[in-house]
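The values are calculated or read from the model by the stated rules, or taken from the named source; none is laboratory data. Since this is a predicted model, take the numbers as computed values, not measurements. Every residue, glycine as well, gets a Cβ built from its backbone with ideal geometry; the counts of neighbours run over all protein chains shown. Heavy atoms of the whole protein, side chains included, go into the accessibility calculation; ligands, DNA and RNA do not. Shrake-Rupley method; radii C 1.70, N 1.55, O 1.52, S 1.80 Å.
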Amino acid sequence: LARAWMPFAVFYGWAFLSGFWSPGAGVWLQGMAELFLGVSYGLIFLFFLESEKQLELAVRVFTWIGIPIASASYVIFRAVKDDAKDLNLEARVSSFNGNANAYAGVLMATLPMATLFYRRAKSRNERLVYLAVIGAMLAALISTGSRSGLIVGGVVGAYIFTTMPGIPRRRR
């Protein structure tokens, strides 16, 4: 459905066009390469997954792998926050990629998936677990100190609530 791929196509198109006003081609090319990596994963899913069940399993694994990383990033942030302030340093967690803004984007990409799994949950305990997943991702977002991550979080949140199946148009 268009609601599934349209936001990504618009974002990637905007990122491509940003090369026209980018101050340096190197930074723009690096950003495009990072985005292309994500597009490549999407194309692999598209061509090699045969059922929605396989995709759901892959996404669940991605979501569950993110929980210890997100939890650790928040714990590290709480541990170094005061020391960083004393040394006039920024207390930002960047995960394994070295870029706090990119890490915030990955965290926010997990929100729609966790919301979907929350909606598909069959038991109350499973719903509570997915609420905890969403909470962990939001706590980790705070640890990144990323303003762009907060903006993306707001946009993703608005997207989730306006496209979520089962909500009447009037309520949206």
message = Give all pairs with beta carbons closer than 6 Å in which a residue from the range 19-40 that is of a type in the set (Phe, Trp, Tyr) meets a residue that is part of a helix (DSSP H, G or I); count only pairs at least 6 apart in sequence or on separate chains.
response = Trp28/Gly19
note = Ile76 fails exactly one of (1) under 15 Å from the mean Cα position of the chain (by Cα); (2) hydrophobic (A, V, I, L, M, F, W, C); (3) surrounded by 13 or more Cβ atoms within 10 Å (Cβ to Cβ), namely (1)
key: Filtered residue count, the range 151-172, keeping only those that are without any contact (Cβ under 8 Å) to a residue 24 or more places away in the chain, part of a helix (DSSP H, G or I) and open to solvent by 50 Å² or more (accessible area, probe 1.4 Å)   = 5
query = From the set of residues in the range 102-130 that are among the aliphatic types (A, V, I, L, M), assigned to a helix (DSSP H, G or I) and over 15 Å from Ala140 (Cα atoms), which is farthest from the chain's Cα centre (by Cα)?
reply = Leu128
task = Out of Leu29, Leu37, Leu57, report the one residue that is more than 24 Å from Met137 (Cα to Cα), among the aliphatic types (A, V, I, L, M) and open to solvent by 80 Å² or more (accessible area, probe 1.4 Å).
result = Leu29
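Matching residues to (1) among the aliphatic types (A, V, I, L, M); (2) at pLDDT 80 or above:
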residue: Ala4; (1), (2): yes, no
residue: Pro7; (1), (2): no, no
residue: Val10; (1), (2): yes, yes
residue: Leu17; (1), (2): yes, yes
residue: Gly24; (1), (2): no, no
residue: Gln30; (1), (2): no, no
residue: Glu34; (1), (2): no, no
residue: Leu37; (1), (2): yes, no
message = If I go through the range 136-150 residue by residue, how many of them are assigned to a helix (DSSP H, G or I), of a type outside the set (A, V, I, L, M, F, W, C) and within 13 Å of the chain's Cα centre (by Cα)?
response = 3
request  = Considering each of Arg147, Arg124 in turn, give the residue that is exposed (fewer than 13 other Cβ atoms within 10 Å of the Cβ), modelled with pLDDT of 80 or more and within 21 Å of Thr63 (Cβ to Cβ).
outcome  = Arg124
request  = Considering only residues that are open to solvent by less than 40 Å² (accessible area, probe 1.4 Å) and not aliphatic (A, V, I, L, M), look in the range 127-144 and name the one that is farthest from Ala70 (Cα to Cα).
outcome  = Tyr130
